[in-house]
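The values are calculated or read from the model by the stated rules, or taken from the named source; none is laboratory data. No experiment lies behind these values; they were computed from the predicted model shown. Cβ placement follows ideal geometry from the backbone for every residue including glycine, while neighbour counts extend to all protein chains displayed.
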Amino acid sequence: MGGTVTINEDECIGCETCCELTPGVFQFDADSGKAKVVNPTGASDDEIQAAIDACPVTCISWE
């Protein structure tokens, strides 16, 4: 855990789970239909890890 959280937008299916769990970190971009990292330090590492674990396509990771 730790580092910088990233999202592979090519793999994102736009389910918004990460946005619901950690809205301070992820936001849904209606234009692309994908989630984006808007503030990589907007939640604790544990909260971000919960969003990573909940992603159904595992497109969120730590760098």
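If I filter the stretch 54-61 for residues that are of a type outside the set (K, R), touching a Leu at 6+ places or on another chain (Cβ under 7 Å) and at pLDDT 95 or above, do I get at least one hit?
yes
Name every residue in the stretch 1-10 that is in contact with a helix residue (DSSP H, G or I) (Cβ under 8 Å, 6 or more places away or on another chain) and over 15 Å from C59 (Cα atoms), in order of residue number.
Within the stretch 1-10, M1, G2 meet the criteria.
Could you tell me which residue of the stretch 36-63 is surrounded by the most Cβ atoms within 10 Å (Cβ to Cβ), considering only residues that are part of a strand (DSSP E or B) and hydrophobic (A, V, I, L, M, F, W, C)? Break it down into steps so the answer makes sense when it comes.
Of the residues in the stretch 36-63, the ones part of a strand (DSSP E or B) are 36-37, 60-62.
If we keep only those that are hydrophobic (A, V, I, L, M, F, W, C) too, we end up with 37, 60, 62.
Values: V37: 18, I60: 25, W62: 14.
Only one residue tops the list, namely I60.
State all residues of the stretch 16-35 that are among the hydrophobic types (A, V, I, L, M, F, W, C), in a loop (DSSP other than H, G, I, E, B) and surrounded by 15 or more Cβ atoms within 10 Å (Cβ to Cβ); if no residue qualifies, say none.
Listed by number, the list holds a single entry, V25.
Name the single residue, out of those in the stretch 11-45 being in contact (Cβ under 8 Å) with a residue 40 or more places away in the chain and of a type in the set (D, E), that is nearest to C59 (Cα to Cα).
At the first step, the residues of the stretch 11-45 found to be in contact (Cβ under 8 Å) with a residue 40 or more places away in the chain are 11-13, 15, 18, 45.
With of a type in the set (D, E) added as a condition, the list becomes 11, 45.
Details: E11: 6, D45: 17 Å.
Among those residues, the one meeting the criterion is E11.
Regarding the stretch 30-52, can at least one residue be identified that is in contact with a Pro (Cβ under 7 Å, 6 or more places away or on another chain) and modelled with pLDDT of 95 or more?
Step one: list which residues in the stretch 30-52 are in contact with a Pro (Cβ under 7 Å, 6 or more places away or on another chain), which gives none.
Checked the stretch 30-52: no residue is in contact with a Pro (Cβ under 7 Å, 6 or more places away or on another chain) and modelled with pLDDT of 95 or more.
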